[in-house]
1. Test residue 233 against the stated conditions and say whether it is outside any loop (DSSP other than H, G, I, E, B), over 30 Å from the mean Cα position of the chain (by Cα) and either modelled with pLDDT of 80 or more or under 19 Å from residue 172 (Cα atoms) (or both).
2. Tell me which residues, restricted to region 441-469, are over 28 Å from the mean Cα position of the chain (by Cα) and buried (at least 22 other Cβ atoms within 10 Å of the Cβ).
3. Checking the conditions here, which among 420, 354, 398 is at pLDDT below 95 and farther than 24 Å from residue 478 by Cβ?
4. Return yes when residue 338 is assigned to a helix (DSSP H, G or I), touching a helix residue (DSSP H, G or I) at 6+ places or on another chain (Cβ under 9 Å), modelled with pLDDT under 95 and closer than 27 Å to residue 303 by Cβ and no when it is not.
5. Between 308, 301, which is in a loop (DSSP other than H, G, I, E, B) and surrounded by 15 or more Cβ atoms within 10 Å (Cβ to Cβ)?
6. Kindly indicate the residue of region 322-332 that is touching a helix residue (DSSP H, G or I) at 6+ places or on another chain (Cβ under 8 Å) and closer than 21 Å to residue 354 by Cα and also modelled with the lowest pLDDT among those meeting that condition.
7. Any chance region 431-440 includes a residue that's part of a loop (DSSP other than H, G, I, E, B) and over 30 Å from the mean Cα position of the chain (by Cα)?
8. Go through region 398-430 residue by residue and tally those that are surrounded by fewer than 20 Cβ atoms within 10 Å (Cβ to Cβ) and part of a helix (DSSP H, G or I).
């Protein structure tokens, strides 16, 4: 509409970067308008944008033409998508630090059954020093952080990194204090069994905030200044926590709630970093790169798992570990996905227990689920009375597998901890890395454990890995075995400083990247110190191909059972028959809701659910393999997307499913630098990509925006492979020669004619082709 007083010539309009069409129309006099009709049709869900340029020229011959640019989009959404769309827009939480009164009395509540005051009190507090908050101004501390990790600065540097991590954890958890901008004062309610109090905490199921059984929080009645009550968490439910009843408070009145982190895990790592020096673990943590000892004679073994006889790499690793060929240096099992590293670890443990009468073995993993798997496999051939599964009191008793209760410290609904003399009678103790700290606190002598095994070692912070070593393993006579994959996900950290200065590198990865003992020499590893497992027993060759090329030097061999990995070679919904691999392009939108900073993508959920329905229905048809929900794994990198579907990358590491679907979520390039800096999402995180795509046995379906994903070299290679092999469907990525479409990722080009000159105006854009809404500033500039 011409809202001015002078006539304007409407010269043409065009969708930018697509077919150029001129539309000559009459002059628009003052008050006149011209209507443009847009027709839209599509065959799949998503958001479809168009940028329109309109050129006008004033009636005056001396005036230059000018442009108006408008952005329009059409959204194709199903009824499911409507239900999942955000109700309220995302708004970042502010930090609500409740005012601290140094004279305020803290009244303790009732801890849960099995609460472990001994372990808590036996570890030095390691409070964050004041200088940590002034770190940027401290040249000395900055120099320490920027220095390479060495034996000389080991304790000091790791303790500084732990202080930085704790400072960030404290800052993060304060965002959930009540009251805040979203919630009013808290009200405690009586639980049904009348022994506990219930506190509503929206988001606790998403680990926002992260609260575990045994953690504590402070509650303070409104208006009260002299007393705070410490409530211990007895259980965590979907949107609430249950606290011990004897808080000596009146139910129903309003409270402030202050969340606190559980410092015990941090303190255990501080002690481990300190004890590493005290107990002289140099030869373990920084092994001599010119070992002088001769290669020991390898034993001939009668294997418990006879399938290992057909796998020379697994058999060799077990032989070397039993012979102690690397001692005192750690022995590493480099286990790419599906190659059986846990099976190898368990076989080595069983062989040592059978052949070495004086052995005592400590088997650890970063998580309870991984430790449970270790214990279950060990129990297959070892007497129950020789194996002890030790849980921390924070472990929900309901999650302890029934078949492990008989050899664990769970008695009824409570955990018990035997005297050290009783513990030292067991041949094999299985626990998490941090729970092994109880053995150090219990004064089990250094050297009692002849072997320490750490499975999934690449997933642990180095100081976590040192907890079962420092104070328990003799540096010269003991044997450390680390099993994992440095090409998969590393430790999870919160502080950008701890990430920047190396804490995100596990002990396994550090040894493999900095020590010549664990690196290839003339294309091969020294099998006295490291074995790389090469035979993948999980995935169809088409699924394994790209990860193998990108991360494993093309050395992996597809050895999966042909019948199992070929279930879906002829599935009717495959873009190409005999290729059980789909990349489904979706022009979705990554959005956030309310106070959750986690992203989700409704369009991708719609596509995924459609595939789930097709899979479950296909299983009922004659001639196709029956499939149930437990056979399907759906992986997403953001907790909110997980809320709409299931599974996340960290939780899926070490697992597998017959069918894996991956939701990449990202549909905008706006946050990709942020993701890269903090190791979030799939884009710009090759380890997360590797974990996700290597979980599938027989069918892999990846849903994502090809234009955004193609900005990352790893994803670009994967998508190009799918395209070359005929496995792409949905939104198609632009052809290489479709230069102008690709340019929409980074710039908007507008041609302006006047005085026989042509000018190009380039406006930088931070949004992708599927979501390039122009900023108000850019719009004004245009």
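1. Values: outside any loop (DSSP other than H, G, I, E, B): yes; over 30 Å from the mean Cα position of the chain (by Cα): no; either modelled with pLDDT of 80 or more or under 19 Å from residue 172 (Cα atoms) (or both): yes.
So residue 233 fails the test.
2. Residues satisfying the conditions are 449, 451.
3. On the way: 420 fails: farther than 24 Å from residue 478 by Cβ; 354 fails: farther than 24 Å from residue 478 by Cβ.
Matching residue, one of 420, 354, 398: 398.
4. no
5. Values: 308 fails: in a loop (DSSP other than H, G, I, E, B).
One residue alone meets the criteria, 301.
6. 326
7. Residues of region 431-440 part of a loop (DSSP other than H, G, I, E, B): 433-436.
Okay, now just the ones that are also over 30 Å from the mean Cα position of the chain (by Cα), so none.
No, region 431-440 has no match at all.
8. 11
The values are calculated or read from the model by the stated rules, or taken from the named source; none is laboratory data. Values in this document were obtained by computation on a predicted structure and should not be read as measured data. Neighbour counts run over all protein chains shown; Cβ positions are idealised from the backbone, glycine included.
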